[in-house]
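Visitor: Handing you this structure, nothing more for now.
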């Protein structure tokens with residue numbers, strides 16, 4: 001996603017944010033679903049797992065990204081810090097209305113079931129392949145609920161998205177997601193996953209943005225398990241945008257060929 005101004009900065013002006021109607025809300029949601037960066041990208045990142053009652057655990061990774069007719073398409077490698085050679089997870093993640101995930105297991109490429117998509121990259125982590133693509137953004141049933149300012153000062157439009165039958169069957173405790181979109185740039189700032197009593201299960205919180213090559217990328221995202229208090233922070237440490245990556249590297253069978261070479265890519269620190 002790209003913006004002409006830094007999303008998430010404190011906005012000055014009237015305290016009240018002008019509301020919109022449901023028709024405008026549908027237009028905004030459709031625009032959000034189709035936002036993308038110019039060109040392809042590669043991110044270097046850390047995943048820092050912060051248990052409520054234990055020491056931080058650090059993971060590192062690489063994300064290659066592009067888009068196709070279905071939505072975002074990512075290739076991800078992630079490993080515990082210092083254990084890249086022995087314990088790396090390698091995946092292809094297709095976003096969109098019907099997300100698909102392929103993983104390399106014991107030298108074989110396996111397509112994950114919907115249930116497996118919701119399992120963490122590593123057992124103690126909060127993040128899952130399912131979280132990478134924010135699939136709730138494509139749920140058919142949603143409504144605009146409010147316009148206001150978040151505590152950080154940004155004006156947002158609030159939406160409630162309701163879990164479809166297949167999701168409700170697979171994840172019975174998940175009933176809806178409350179999504180806050182930046183009112184100026186349609187950037188997601190927070191998403192709260194709610195149970196049937198509207199109590200939060202997990203919260204996705206965008207913590208900052210970085211301008212690179214006249215585009216703004218997400219700098220960090222916290223995913224918080226509201227029940228345990230555990231948190232995993234996705235933090236981009238280096239980024240290269242406006243690239244032209246080979247479509248071949250995003251084919252599931254290419255996972256068996258090893259990681260694409262990134263030695264010639266120039267990364268900007270984030």
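None of the figures in this text is laboratory data; all of them are computed from the coordinates on show. Keep in mind that what you see is a predicted model, and the values were worked out from it rather than measured. We place every Cβ from the backbone using ideal geometry, glycine too, and count neighbours over all the protein chains shown.
Visitor: Taking 8 Å as the Cα distance limit and 6 or more residues as the minimum spacing, I'd like the relative contact order of segment 147-222 as a percentage.
Guide: Once normalised by length, the contact order is 19 percent.
Visitor: Would you mind putting 27-33, 71-77 in packing order, based on average other-beta-carbon counts within 10 Å, highest first?
Guide: Most protected by this proxy first, the peptides run 71-77, 27-33.
Visitor: Of the residues 88, 66, 113, which exhibits the maximal mean-square fluctuation in a Gaussian network model of the chain defined by a 10 Å Cα contact cut-off?
Guide: 113
Visitor: P(r) of segment 22-269 in 10 Å steps, Cα pairs, percent per bin?
Guide: 7, 30, 39, 21, 4, 0
Visitor: Would you calculate, for the chain, the mean residue ellipticity at 222 nm contributed by helices, counting each DSSP H stretch of 4 or more residues as -39,500 (n - 2.57) and dividing by all residues, to the nearest 500?
Guide: Here the helix-only value at 222 nm equals -2500 deg cm²/dmol.
Visitor: Follow-up question, since we're still on this one. Report the dimensions of segment 83-154 along its three principal axes from the alpha-carbon atoms, largest first, rounded to Å.
Guide: 49, 28, 16
Visitor: Now, a different point. With the Cα gyration tensor of segment 70-116 giving a ≥ b ≥ c as the square roots of its eigenvalues, does the rule (a/c under 1.5 for rounded; else a/b larger than b/c for prolate; else oblate) give rounded, prolate or oblate?
Guide: prolate
Visitor: Mean shadow of segment 1-159, computed from the convex hull of its alpha carbons, in nm²?
Guide: Answer in nm², one decimal: 12.2.
Visitor: Would you work out the Kirkwood radius for segment 171-270? I mean one over the mean of 1/r across all pairs of different Cα atoms, in Å.
Guide: Averaging 1/r across every pair of different Cα atoms and inverting gives 16.5 Å.
Visitor: Report relative contact order for the chain in percent, whole number only (criteria: Cα-Cα under 8 Å, sequence separation at least 6).
Guide: Relative contact order for the chain comes out at 22 percent.
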